[in-house]
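The values are calculated or read from the model by the stated rules, or taken from the named source; none is laboratory data. Worth saying up front: this structure is predicted, and the values here are computed from it rather than measured. Because the Cβ atoms are built from the backbone with ideal geometry, glycine has one as well, and the counts that use them run over all protein chains shown.
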Amino acid sequence: MKEISQFIPELSSVCKIYSGIISGSGIACEDALTLVAFINSFPSVHNVEAVIMDLVLKVPTERMEIVLKSLHTDLDRIVTLYKDNSIYYDRRDLRFLWDKPLSYADKDIDAQQKKTQAASDELKEASNSYEMTPFNGMSKDEAAVLERRVDKLTAEYQKEKAKLQNFYAKRKRLEEERWSVPIDIFKLIYLKCHDLLPIVEKYYNKPVEKNKEQSERTDLYLSISLLASVHELCNGRQFEDMAAIDFFHAFNLHQTSKDLEVCKNEKVRVCYLIHQLSKKVDKGTRSEWIGAMLRNTGIEQEYYHSKYREPISDPPSKKNKEFVEALKEILG
């Protein structure tokens, strides 16, 4: 199989693409091609296990743990993100990303066809004139001038023709790239990672799990001082009335937290709130936090991605403008 030192960065890149889609960063043609290259060169489970066994036998334990931890972290994140958001991933046909580049390529071809045809017409006219020199009484000097003109126009035509051929080649490459992307590429990569994850877990010594009482989440995504101000702004307006401490636990995804209930006609502003607060969350856990918050508030991923910018649309409604300005004061 490919070197593990090559596979890990590739896996990390794919993990970032999966996370970026959920966090609203979008995806470009280059990202889609990264996914295609990754799935096409994905190693077999047998080969990965053979490499891991080789690491176990030859590499110091400390270095081996670093490699296995990196593999496990990214594989687990891809699997988790897809499981939690499969409907959203499965609705994305990445081939549509090529619509705009192909339309630009068509415009380039149309423009270059006109230039090439104009160069061809000029060359034909000069060539016809040159072919008639034995019959139209031209002197040798005049014929030589015309011959040089034909040579110059021939070179210009060949230059324009080469440009046109390059545009056709570019369009063909774009089409090939487009159709190289499977419709279900996110699912295909998920299945590969899902199958590989147990193999890595066989050799990776994960931290010992705490008992149920200890395992409840106590770490913070957002500070209590920040959420106290957000609670003051949103309680009874964007969210149904709840105590500040319950609000704090809910936004930090603590297991004992109460459900967040979005008030009627406030989903758009809640989407904006989640998006803005996510900027305060560590990048490594941002996409998971957004996904969890959307599930906890009953907001669909697709709705979130289409609405979270609406409060800052031009022109914003009075209520949206007031909410955005108040939240801006809190977040700084």
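Here are the numbers for the structure shown:
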{"quantity": "Enumerated helices (runs of 4 or more DSSP H) restricted to the range 262-307, each holding at least 2 residues that are out of contact with any Leu (no Cβ under 7 Å at 6 or more places or on another chain) and over 18 Å from ARG77 (Cα atoms)", "calculated": "267-278, 301-307"}
{"quantity": "Qualifying residue in the range 121-129 (condition: surrounded by fewer than 13 Cβ atoms within 10 Å (Cβ to Cβ), at pLDDT below 95 and either at positive phi or not in a helix (DSSP H, G or I) (or both))", "calculated": "no"}
{"quantity": "In the range 155-190, the residues that are hydrophobic (A, V, I, L, M, F, W, C) and within 18 Å of LEU35 (Cβ to Cβ)", "calculated": "LEU174, TRP179, VAL181, ILE183, ILE185, PHE186, LEU188, ILE189"}
{"quantity": "Residue list for the range 86-104, filter: without any contact (Cβ under 8 Å) to a residue 40 or more places away in the chain and surrounded by 12 or more Cβ atoms within 10 Å (Cβ to Cβ)", "calculated": "TYR104"}
{"quantity": "Subset of the range 240-261 (residues that are part of a helix (DSSP H, G or I) and either in contact with a Gly (Cβ under 9 Å, 6 or more places away or on another chain) or farther than 21 Å from SER23 by Cα (or both))", "calculated": "ALA244, ILE245, ASP246, PHE247, PHE248, HIS249"}
{"quantity": "Verdict on LYS172 being surrounded by 12 or more Cβ atoms within 10 Å (Cβ to Cβ), at pLDDT 95 or above, not assigned by TED's automatic domain parsing to the domain that holds MET293 and not aliphatic (A, V, I, L, M)", "calculated": "no"}
{"quantity": "Selected residue [aliphatic (A, V, I, L, M) and either surrounded by 15 or more Cβ atoms within 10 Å (Cβ to Cβ) or without any contact (Cβ under 8 Å) to a residue 12 or more places away in the chain (or both)] from ALA28, ALA32", "calculated": "ALA32"}
{"quantity": "Per-region count, the range 1-57, residues within 24 Å of ASP84 (Cβ to Cβ) and not in a helix (DSSP H, G or I)", "calculated": "6"}
{"quantity": "Failed condition for PRO315, given (1) over 21 Å from ASN235 (Cα atoms); (2) modelled with pLDDT of 95 or more", "calculated": "(2)"}
{"quantity": "Filter result (assigned to a helix (DSSP H, G or I) and under 30 Å from SER103 (Cβ atoms)) within the range 178-205", "calculated": "ARG178, TRP179, ILE185, PHE186, LYS187, LEU188, ILE189"}
{"quantity": "Of all residues in the range 160-200 being free of Cβ contacts under 8 Å to residues at least 12 places away in the same chain and over 23 Å from the mean Cα position of the chain (by Cα), the one that is nearest to ARG77 (Cα to Cα)", "calculated": "PRO198"}
{"quantity": "Some residue of the range 211-227 being part of a loop (DSSP other than H, G, I, E, B), over 32 Å from the mean Cα position of the chain (by Cα), at pLDDT 90 or above and not hydroxyl-bearing (Ser, Thr, Tyr)", "calculated": "no"}
{"quantity": "From the options LYS107, LYS159, LYS83, residue that is assigned to a helix (DSSP H, G or I), assigned by TED's automatic domain parsing to the domain that holds ILE199 and surrounded by fewer than 14 Cβ atoms within 10 Å (Cβ to Cβ)", "calculated": "LYS83"}
{"quantity": "The range 305-323, residues that are crowded, with 16+ Cβ neighbours inside 10 Å and more than 30 Å from THR80 (Cα to Cα)", "calculated": "PRO311, ASN320, PHE323"}
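Per-residue answers, yes or no, for (1) buried (at least 16 other Cβ atoms within 10 Å of the Cβ); (2) at positive phi; (3) among the aliphatic types (A, V, I, L, M):
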residue	(1), (2), (3)
GLN238	yes, no, no
LYS264	no, no, no
ILE299	yes, no, yes
TYR303	no, no, no
